[in-house]
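Taking it in order: structure first as C-alpha cells, then the write-up.
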Amino acid sequence: MQLEYAEIVTSKPVQKFLLRFYLSDIPIQSLILISPFVGTLEGSRVSLDNICKKAVEKGIFIYVITRAPEEEYHQQAIDTLMSYDHVELRFNESLHAKLYICLCQDESQSFALLGSANLTRNSIEKNIEIAMMIYGRGNGREILRELSRWGLERLRTLNDTKLVKKIKFQRR
C-alpha cells in the first residue's frame with residue numbers, strides 16, 4: 001500500500017532505505033541511523049563503509065545512536081564509524097527503536113524508515129521485517145519533522161545516551 005507520503009515496506013526495508021540514500025543525487029544534509037545493532041553490511045548491496053564514503057564526498061553528517069557493541073560484527077561496524085570525521089556516535093543501552101532518516105536540503109525530498117529492522121546484514125537478507133517508509137510531502141512532512149526531533153533532539157540528548165565520538169569536520 002502506498003499513500004502520497006507513506007508506504008508499507010515488507011521486503012528488505014533497510015536495503016530499500018539505504019539504496020534510496022546511496023543512489024540519490026539530490027543534496028542531502030544529514031543521515032540519522034538509530035538501531036540497537038549495527039553491522040558493516042559487507043556483502044550486501046550497500047556497505048556501511050560506502051555510506052560513510054558518500055557522506056564524506058557530499059559533506060553529509062551522519063548521526064548514529066546504537067548500543068555499545070557486545071558482538072564482533074557490531075564492534076567492526078563501530079570501528080568503521082569511528083574512522084570517519086563526518087560521523088557522530090552515541091550509545092544508549094536501553095535502545096530498541098529502529099529509525100533511519102535522510103534529511104535533504106529540499107524538505108520534500110527527505111524520507112525516513114520506521115520499523116522492525118536493525119542495521120545489520122541479517123535484517124537485510126534473512127529476517128522477515130516490516131517498516132513504514134515516510135516521504136517529506138503532504139502529511140509526511142510533519143511526521144518527518146517529529147521523527148527528526150525525536151532522534152536528533154530527544155533521544156540524542158537523554159542522560160542515558162552517551163556521546164562516544166563527535167563530528168570533526170565543520171561545514172564551510
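Numbers below:
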{"quantity": "Members of region 116-151 that are within 15 Å of the chain's Cα centre (by Cα) and under 22 Å from residue 78 (Cα atoms)", "calculated": "116, 117, 118, 119, 120, 121, 123, 124, 151"}
{"quantity": "Test: residue in region 124-139 that is hydroxyl-bearing (Ser, Thr, Tyr), in contact with a strand residue (DSSP E or B) (Cβ under 8 Å, 6 or more places away or on another chain) and at negative phi", "calculated": "yes"}
{"quantity": "Conditions (1) of a type in the set (A, V, I, L, M); (2) closer than 16 Å to residue 133 by Cα; (3) surrounded by fewer than 20 Cβ atoms within 10 Å (Cβ to Cβ): number failed by residue 23", "calculated": "(2)"}
{"quantity": "Region 69-86, residues that are over 20 Å from residue 117 (Cβ atoms) and either touching a Phe, Trp or Tyr at 6+ places or on another chain (Cβ under 8 Å) or among the hydroxyl-bearing types (Ser, Thr, Tyr) (or both)", "calculated": "83, 84, 85, 86"}
{"quantity": "Subset of region 72-105 that is touching a Pro at 6+ places or on another chain (Cβ under 7 Å) and in contact (Cβ under 8 Å) with a residue 12 or more places away in the chain - its residue that is farthest from residue 155 (Cα to Cα)", "calculated": "105"}
{"quantity": "Residue 112 vs. criteria farther than 20 Å from residue 27 by Cβ and either within 16 Å of the chain's Cα centre (by Cα) or at pLDDT below 95 (or both)", "calculated": "no"}
{"quantity": "Residues satisfying the stated conditions in region 26-43, i.e. loosely packed, with under 15 Cβ neighbours inside 10 Å and touching a strand residue (DSSP E or B) at 6+ places or on another chain (Cβ under 6 Å)", "calculated": "26"}
{"quantity": "Residue within region 43-61 that is in contact with a Lys or Arg (Cβ under 6 Å, 6 or more places away or on another chain), more than 20 Å from residue 158 (Cα to Cα) and in contact (Cβ under 8 Å) with a residue 40 or more places away in the chain present", "calculated": "yes"}
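The values are calculated or read from the model by the stated rules, or taken from the named source; none is laboratory data. Note that the structure is a prediction, hence the values are computed from the model and not measured. Positions of Cβ are generated from backbone atoms using ideal geometry, with glycine treated the same way; all protein chains shown enter the neighbour counts.
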